[in-house]
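Please treat every number below as a calculation from the coordinates, not as lab data. Just so it is clear, the structure is predicted and the values come from calculations on it, not from any experiment. Virtual Cβ from ideal backbone geometry, glycine too; neighbours counted across all protein chains shown.
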Amino acid sequence: MTVFERIESAACGCDDLHRPGALMPVHEAVAAALALVTPIAQTEEVTLDKARGRCLVAPVLARSDMPRFDNAAMDGYALRYADLRDRALLPVQGVCAAGDAPTPLTTGTMMRIFTGAPIPEGADTVVMQEAIERSGDHALVTGPVRVGSHIRKAGNDQRCGDVVLAPGLRLAAKHLAICAGAGAGYVTVRRQLRIALVLSGDEITPAGEPVQGGAIWDVNTPMLRALCQDAGADIVAVQQVPDRRAALVATLADLSGKVDMILTSGGISVGERDPVKPALRDLGARIAVSGVAIKPGKPVTVSQLGTSVILSLPGNPVAAFVTWHVLGRPLVDRLSGAAPSSARRHVRAAAPIPHRPGRCEYRPASIIGYDGQGIEIAACAPNVNSANLGPLAAADGLILIPADTEQVAVGDMLEFLPI
Ligand SMILES: Nc1nc2c(c(=O)[nH]1)N[C@H]1C(S)=C(S)[C@@H](COP(=O)(O)OP(=O)(O)OC[C@H]3O[C@@H](n4cnc5c(N)ncnc54)[C@H](O)[C@@H]3O)O[C@H]1N2
Ligand code: MOO
């Protein structure tokens with residue numbers, strides 16, 4: 001099977017392999033994680049300035065025709081087309097600008113009009129000023145004119161009562177534009193997800209603070225906060241817990257039920273200083289995913305405690321970034337009732353990429369050009385390491401190397417997830 005055929009299938013290829021340690025294939029892990037959650041029930045009305053990224057639960061209807069009235073599409077002159085039948089020179093009477101309520105057009109005259117202004121009663125055509133020679137209080141039509149030209153008819157965009165947005169959309173700038181144009185100052189959206197971030201790692205120090213000995217700056221908090229915001233969610237609490245099981249048990253027990261999702265960062269691997277899995281077991285969490293055939297991010301774990309879903313991300317920042325995209329983002333979409341984001345596309349490999357079969361690999365990659373058919377060509381660093389931030393910062397996206405691939409050849413098509 002070629003790489004191209006592989007990425008067209010629903011599976012990532014991990015399931016075709018002998019996997020020591022029974023790592024779960026990526027697509028099974030996503031399905032098992034999503035099976036834990038349903039969309040949150042609470043909704044609220046928000047003004048448009050608070051609506052970006054929120055998930056629509058009630059349709060938005062046009063409160064009037066859009067546009068509400070016939071109006072000029074150009075600066076020019078409004079006239080009755082029939083008045084041009086036997087002459088091209090007409091007297092100009094009156095001016096109509098956007099916001100005006102014009103008087104009716106007198107037969108046999110033109111009215112000066114500006115873009116967006118209501119068409120005066122009796123006029124059926126606007127001639128743009130470039131096709132007019134004005135002299136004093138008369139104007140001569142110099143160019144060809146079509147009846148009805150340069151008039152935006154009422155309702156030509158949407159009709160009063162039309163559904164302009166359907167439920168399930170995650171609201172972006174283009175959606176807010178039509179809400180406003182439809183006269184909807186408020187929209188009904190699902191309550192914003194509440195996410196808590198629990199940091200494991202005695203060495204973690206906020207970026208910018210002094211570090212000594214084995215301390216390192218906390219990369220994951222600002223990165224995950226931004227990723228949550230990109231997904232329309234909010235990190236409402238950040239708690240750093242010592243690398244001890246009892247402390248983590250207490251923190252997770254306290255947070256479960258208070259938030260929709262708990263993200264843990266670090267401490268998910270197998271060392272005695274990795275308290276996440278033991279703490280989940282102590283708490284009786286329902287563990288749906290524990291170890292995935294993905295690189296980086298193999299130890300990623302998904303569980304449920306009370307009403308909170310817990311996504312336990314590896315501490316290595318690139319592994320946390322990748323597993324957020326593969327598991328975290330779909331969970332947020334499902335919890336907020338949004339259609340899954342479908343940003344992935346296909347690119348061609350710029351160079352051969354050797355790959356040890358076993359795990360699906362998500363590797364930072366940059367778009368460096370286009371092939372003869374206009375398909376993007378992506379290049380990635382030869383050596384990747386889930387602690388190195390440089391290749392991630394320089395990347396345009398993540399390419400997926402399917403689990404069973406031994407070698408990606410130049411020009412092979414790969415799935416690409418923009419980041
Ligand atoms: N014997 C084994 N060791 C490891 C395995 C394994 O299978 N057997 N898996 C490796 C893999 S793969 C990964 S990924 C990591 C996952 O480790 P943890 O999730 O337990 O994370 P930590 O040990 O806490 O940290 C790993 C690494 O990341 C740094 N880190 C942690 N938090 C942050 C943060 N907020 N900002 C920046 N950097 C952070 C931490 O200092 C470590 O360097 O386990 C492997 N080990
Ligand atoms: O997930 Mo780990 O980062 O594969 O080394």
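I'd like the FRET efficiency for LEU48 and GLU406, computed as 1/(1 + (r/R0)^6) with the beta carbon distance as r and R0 of 60 Å, rounded to 0.05. After rounding to 0.05, the efficiency reads 0.70.
Charge dipole (Cα centre; +1 on Lys/Arg Cβ, -1 on Asp/Glu Cβ; no other charges) of the chain amounts to roughly 620 debye. Phi angles of the range 340-351 translate, via the Karplus equation with coefficients 6.51, -1.76, 1.60 and θ = phi - 60°, into HN-Hα couplings of x, 5, 10, 7, 5, 9, 10, 9, 9, 6, 7, 8 Hz per residue; Gly and Pro are given as x. Amide H contacts for ARG194 (H built 1.01 Å from N in the peptide plane; partners 5 or more residues away or on another chain; cut-off under 5 Å): ASP260, MET261. Ordering 37-50, 355-368, 61-74 by mean Cβ neighbour count within 10 Å, with the highest value first, yields 355-368, 61-74, 37-50. Each residue of the range 393-403 is assigned a 3J(HN,Hα), and the resulting list reads 4, 7, 7, 9, x, 10, 8, 9, 9, x, 4 Hz, derived from the Karplus form 6.51 cos²θ - 1.76 cosθ + 1.60 (θ = phi - 60°), x at Gly and Pro.
Within the chain, antiparallel bridges make up roughly 65 percent of the DSSP beta bridges whose residues both belong there. Straight-line cross-link reach from LYS174 at under 21 Å between alpha-carbon atoms covers these lysines, not counting any fewer than eight positions away in the same chain: LYS50.
Ranked by the mean number of other Cβ atoms within 10 Å per residue, highest first, peptides 392-399, 288-295 order as 288-295, 392-399. Between the range 17-84 and the range 392-419, how many Å separate their Cα centres? That distance is 29 Å.
Distance between the C-alpha centres of the range 309-368 and the range 101-151: 57 Å, rounded to the whole angstrom. Compared with the direct C-alpha span, the chain from VAL95 to ALA387 gains 98.4 nm at full extension, assuming 0.36 nm per residue. Note on the range 345-418: along the principal axes its Cα atoms extend 34, 27, 18 Å, ordered by decreasing extent.
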